[in-house]
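See structure below.
The values are calculated or read from the model by the stated rules, or taken from the named source; none is laboratory data. Please read these numbers as outputs of a predicted model, since none were measured by experiment. Cβ atoms come from the backbone with ideal geometry, glycine included; neighbour counts cover every protein chain shown.
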Amino acid sequence: MLRLAPVPAISVLLPVRNAGPYLAAALASMWRQTFRDFEVIAVDDGSSDGSGERLERAAVAEPRLRVIHTPPAGLPAALNTALQHARAPVIARHDGDDLSHRERFARQLAHLAGHPRTAAVGCRLRLFPTASITDGMRRWARWHNALHTHEAMACEALIDSPLAHGTAMIRRTWLARVGGWRDRGWPEDLDLWLRMLARGARIEKCEATLYAWRQHAESATRRDPRYAPARFAELRMDALRSGFLARGRAVTLVGVGRTLREWEGRIAATDIRVRAIEAGRPRPDVICSLRPRAVMVFGAAPARARWREALVARGLVELRDFVFVA
């Protein structure tokens with residue numbers, strides 16, 4: 001009688017495009033996990049540096065690794081290909097140049113087991129090596145690591161991706177509900193979180209630092225045009241149009257300088273009436289003049305904190321009456 005292989009608890013999706021120098025370390029960080037009931041679905045997305053051959057050699061020694069080769073199609077396509085071959089009810093992400101703490105899978109799976117309403121869980125991360133970390137990435141990591149509750153991440157989701165993609169562990173049912181990853185030419189991770197949040201998903205983080213994100217000049221974050229500021233802005237506008245701005249025909253916009261004007265132009269190009277107010281700090285006259293459905297344009301975390309405190313004190317509810325964008 002033919003015996004089917006047991007279904008693993010976790011399927012790890014590992015998209016790879018020219019990650020040759022870092023693959024051995026990334027794989028080793030998974031093989032040393034204390035929780036061992038997982039499979040790794042590696043998709044070689046048209047690598048030209050021998051990454052595919054490295055993966056094949058690794059699979060000979062490790063039966064939990066399965067390798068799929070495709071022409072270069074991009075990250076969303078590679079992830080959806082891996083998902084089609086995954087067998088587990090829980091889907092984890094890992095990048096080919098990053099490292100996971102040996103307790104990562106165990107802790108994140110335990111979090112999902114203890115929080116049945118949670119759709120996805122990430123973790124805090126560290127950046128390495130030190131010499132390659134830019135000031136901007138240091139600021140981003142501090143912001144990311146300070147957000148661990150669903151409420152905090154949902155309120156900051158139009159600022160940047162509140163859950164680093166490589167750290168994610170997601171219930172497969174939720175990926176099916178939103179149709180997996182999609183390629184719209186903008187950041188696929190934030191696109192996924194925004195669609196999940198719009199459907200009522202809860203996303204959270206383990207407060208432990210369980211993932212190391214490698215910084216280097218060839219990383220997609222620095223080179224792929226889908227992560228350019230203009231593409232982030234298009235994604236944010238799309239999310240606003242399908243969510244917060246879909247509930248009415250007029251909005252108040254508050255912010256300062258060029259960013260305020262850029263957002264005024266984006267919204268004015270739609271059928272939504274926009275009233276722009278230039279205000280860097282929450283002055284009483286501005287607060288008193290605000291009505292529900294205000295878009296607050298503040299990229300700096302201290303500014304958002306000041307305005308959030310003032311608006312909540314006024315009785316306004318975030319995500320219902322106002323939202324922040326960067």
One residue is enough: does the range 160-175 have a residue meeting the conditions modelled with pLDDT under 95 and among the hydroxyl-bearing types (S, T, Y)?
no
Are there any pairs, at least 6 apart or on different chains, whose C-beta atoms fall under 6 Å, with the first in the range 206-232 and surrounded by 13 or more Cβ atoms within 10 Å (Cβ to Cβ) and the second of a type in the set (V, I, T) and modelled with pLDDT of 90 or more, and if so, which?
Y211/T167; Q215/I133
Those residues that are touching a Pro at 6+ places or on another chain (Cβ under 9 Å) and more than 18 Å from L194 (Cβ to Cβ), I need them from the range 122-179; list them, please.
R172, T173
Testing R138 on (1) under 20 Å from A305 (Cβ atoms); (2) under 14 Å from the mean Cα position of the chain (by Cα), one condition comes back false. Which one is that?
(2)
Given (1) exposed (fewer than 13 other Cβ atoms within 10 Å of the Cβ); (2) hydrophobic (A, V, I, L, M, F, W, C); (3) in contact (Cβ under 8 Å) with a residue 12 or more places away in the chain, identify the lone condition not met by F244.
(1)
Residues located in the range 193-237, provided they are of a type in the set (D, E) and in a helix (DSSP H, G or I)
E234
Kindly state which strands (runs of 3 or more DSSP E) lie completely within the range 238-326 and contain at least 3 residues that are of a type in the set (F, W, Y) and not assigned by TED's automatic domain parsing to the domain that holds P187.
none
Take the range 179-225 and flag every residue that is under 26 Å from R126 (Cβ atoms) and among the basic types (K, R).
R202, K205, R214, R222, R223
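Listed here are the residues, each with its yes/no results for (1) without any contact (Cβ under 8 Å) to a residue 12 or more places away in the chain; (2) more than 26 Å from M237 (Cβ to Cβ).
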site: L125; (1), (2): no, yes
site: I133; (1), (2): no, yes
site: E151; (1), (2): yes, no
site: T173; (1), (2): no, yes
site: G180; (1), (2): no, no
site: R184; (1), (2): no, no
site: E188; (1), (2): no, no
site: A201; (1), (2): no, no
E309 under 27 Å from W143 (Cα atoms), among the charged types (D, E, K, R) and surrounded by 12 or more Cβ atoms within 10 Å (Cβ to Cβ):
no
